[in-house]
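The block underneath contains the structure these notes are about, expressed in structure tokens.
The values are calculated or read from the model by the stated rules, or taken from the named source; none is laboratory data. From a predicted model like this one, the values you see are computed outputs, not experimental measurements. Ideal geometry is used to build each Cβ from the backbone, glycine not excepted, and the neighbour counts take in all protein chains shown. All accessible areas refer to the heavy atoms of the entire protein, side chains included, with ligands and DNA or RNA removed. Shrake-Rupley method; radii C 1.70, N 1.55, O 1.52, S 1.80 Å.
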Amino acid sequence: MVVLGIETTCDETAAAVVERPDEGRGRILSNIVLSQIDEHAAFGGVVPEIAARAHVEALDLIIANAMAQAGRTFADLDGVAAAGPGLIGGVIVGLTTAKAIALVTEKPLIAVNHLEAHALTARLTDATPFPYCLFLASGGHTQIVAVLGVGDYVRLGTTVDDAIGEAFDKIAKVLGLPYPGGPQVEHQALAGDSARFALPRPMLGRQHADFSLSGLKTALRLEAEKIAPLADGDVRDLCASFQQSVVEVVADRLRAGLKMFRERYGKPNALVAAGGVAANQAIRKVLHQVAFETGTVLVVPPAALCTDNGAMIAWAGAERLALGLTDTLDAAAHARWSLHDVAGPPPPTSAETPAIDAGSMTQARMADE
């Protein structure tokens with residue numbers, strides 16, 4: 001099964017062609033990503049209108065390059081996938097292009113939830129079997145999710161305010177570091193003293209698995225204001241103190257999330273990390289530690305597949321297509337689209353029904369939340 005995936009939800013224009021075998025990990029035939037960082041750097045963040053126009057200008061060529069690199073024609077495809085939610089202008093560009101290709105080639109269209117794509121990437125790279133526990137951390141999302149099957153996700157924890165990546169970016173702005181801020185904070189932290197500033201560890205020790213980063217961000221800003229103007233050493237120490245606080249919070253919240261997973265669904269087959277924050281080496285180190293402590297394995301896709309890319313969209317499309325989950329050409333573009341609203345395969349018929357009713361299990365999970 002060969003699927004073209006299109007990603008235009010934020011500030012990367014991307015397209016990829018992925019092959020899904022009947023069993024085992026997938027094969028990436030091409031994966032082209034064009035970053036818009038330079039276009040947005042002067043504004044200190046992503047400007048939606050600039051992003052949408054850049055997608056319009058670049059997408060056709062990106063798709064052509066992805067198809068050429070894969071050595072495939074549109075006739076060779078089994079489906080075309082495009083992603084949402086995201087910045088609505090960019091989502092419309094990608095979905096409209098996917099619809100046009102699907103219409104002309106008479107291939108199935110698959111509208112892929114961007115978060116589902118992150119959730120399923122470990123199956124592309126490592127053939128990770130269900131069920132597993134996902135730690136999704138990016139600029140817009142921080143969630144701990146039980147991944148039980150394609151279209152079957154239960155959120156165990158989430159952020160009540162800022163996402164981790166968002167908090168890193170905001171701290172970078174406070175400290176005068178360039179965009180994108182997350183990697184800059186990590187770089188500064190390497191040479192800093194993480195014990196210099198006594199910053200809070202929000203939600204530490206709570207039984208639930210939720211996160212909160214807003215208070216930590218405010219605490220750092222107040223510390224910075226106390227010693228302004230900041231010297232280079234102050235910036236390094238503030239970054240190190242902030243990152244250490246986040247690392248300890250992540251470890252604690254993951255322990256709580258994995259405990260919830262085991263109580264509800266048994267032992268997970270893996271702890272999977274996805275999203276751009278998974279590239280942070282200090283956070284990745286603590287993920288290894290928590291996985292070891294809890295008796296599971298850590299699966300982290302390569303950094304290029306943790307940030308926005310077309311390969312994860314194509315793979316999620318292939319996973320859904322294999323189950324007959326396709327969309328019509330009137331599929332709507334989404335600025336917001338929760339994993340709870342992602343449709344899965346229908347429950348088995350009476351002739352296929354196992355001893356435990358899958359529909360009842362799904363209802364029970366939703367009731368637990």
- Message: Take the residues in the range 144-196 that are of a type in the set (Phe, Trp, Tyr) and farther than 19 Å from Leu271 by Cβ; name whichever of them is most open to solvent (accessible area, probe 1.4 Å).
- Response: Tyr179
- Go over the candidates Ala58, Ala117, Ala54 one by one and state the one that is among the small types (Gly, Ala, Ser) and closer than 26 Å to Val150 by Cβ. Ala117
- Task: Output the number of the condition that Glu39 fails; it satisfies all remaining conditions of (1) surrounded by 15 or more Cβ atoms within 10 Å (Cβ to Cβ); (2) farther than 30 Å from Leu175 by Cα; (3) of a type in the set (D, E, K, R).
- Result: (2)
- Task: Evaluate the following for Gln281: is it surrounded by fewer than 19 Cβ atoms within 10 Å (Cβ to Cβ) and under 28 Å from Thr218 (Cβ atoms)?
- Result: yes
- Task: Search the range 81-108 for residues that are touching a residue at least 40 places away in the same chain (Cβ under 8 Å) and pair each with any residue that is open to solvent by 40 Å² or more (accessible area, probe 1.4 Å) and of a type in the set (D, E, K, R) when their beta-carbon atoms are under 7 Å apart and the residues are at least 6 apart or on different chains.
- Result: Pro85/Arg336; Gly89/Glu49
- Does Ala219 qualify as being modelled with pLDDT of 95 or more, within 22 Å of Gly139 (Cα to Cα) and small (Gly, Ala, Ser)? yes
- Can you pull out the residues in the range 315-369 that are in a helix (DSSP H, G or I), modelled with pLDDT of 50 or more and either touching a helix residue (DSSP H, G or I) at 6+ places or on another chain (Cβ under 9 Å) or of a type outside the set (A, V, I, L, M, F, W, C) (or both)? Trp315, Ala316, Gly317, Ala318, Glu319, Arg320, Leu339, His340, Asp341
- Of residues in the range 121-135 being surrounded by 24 or more Cβ atoms within 10 Å (Cβ to Cβ) and among the hydrophobic types (A, V, I, L, M, F, W, C), the one farthest from Leu254 (Cα to Cα): Leu124
- Criterion (open to solvent by 50 Å² or more (accessible area, probe 1.4 Å), touching a helix residue (DSSP H, G or I) at 6+ places or on another chain (Cβ under 9 Å), assigned to a helix (DSSP H, G or I) and not hydrophobic (A, V, I, L, M, F, W, C)) met by exactly one of Arg262, Arg255: Arg255
- Which of the following residues is within 18 Å of Ile313 (Cα to Cα) and either of a type in the set (A, V, I, L, M) or surrounded by 14 or more Cβ atoms within 10 Å (Cβ to Cβ) (or both): Ile28, Ile50? Ile28
- Note on the structure: Flagged pairs (Cβ under 7 angstrom, 6 or more apart or on separate chains; first in the range 217-239, crowded, with 18+ Cβ neighbours inside 10 Å; second at pLDDT below 95 and acidic (Asp, Glu)) are Lys217/Asp162
- State yes or no: is Val104 in a helix (DSSP H, G or I) and more than 28 Å from Leu258 (Cβ to Cβ)? yes
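Let's see how each residue does on (1) part of a helix (DSSP H, G or I); (2) out of contact with any Ser or Thr (no Cβ under 7 Å at 6 or more places or on another chain); (3) not basic (Lys, Arg):
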site	(1), (2), (3)
Leu34	no, no, yes
Val46	no, yes, yes
Ile50	yes, yes, yes
Val56	yes, yes, yes
Asp60	yes, yes, yes
Gly89	yes, yes, yes
Ile92	yes, yes, yes
Ala98	yes, yes, yes
- Item | Filter result (among the charged types (D, E, K, R) and closer than 24 Å to Gly266 by Cβ) within the range 287-316 | Glu293
- Message: Checking His141 against (1) in contact (Cβ under 8 Å) with a residue 24 or more places away in the chain; (2) open to solvent by less than 10 Å² (accessible area, probe 1.4 Å); (3) under 30 Å from Glu225 (Cα atoms): exactly one of these is not met. Which one?
- Response: (2)
- Message: Report every pair of residues separated by at least 6 positions or lying on different chains whose Cβ atoms are under 9 Å apart, first residue within the range 56-76 and within 14 Å of Arg27 (Cα to Cα), second in a helix (DSSP H, G or I) and charged (D, E, K, R).
- Response: Ala70/Asp76
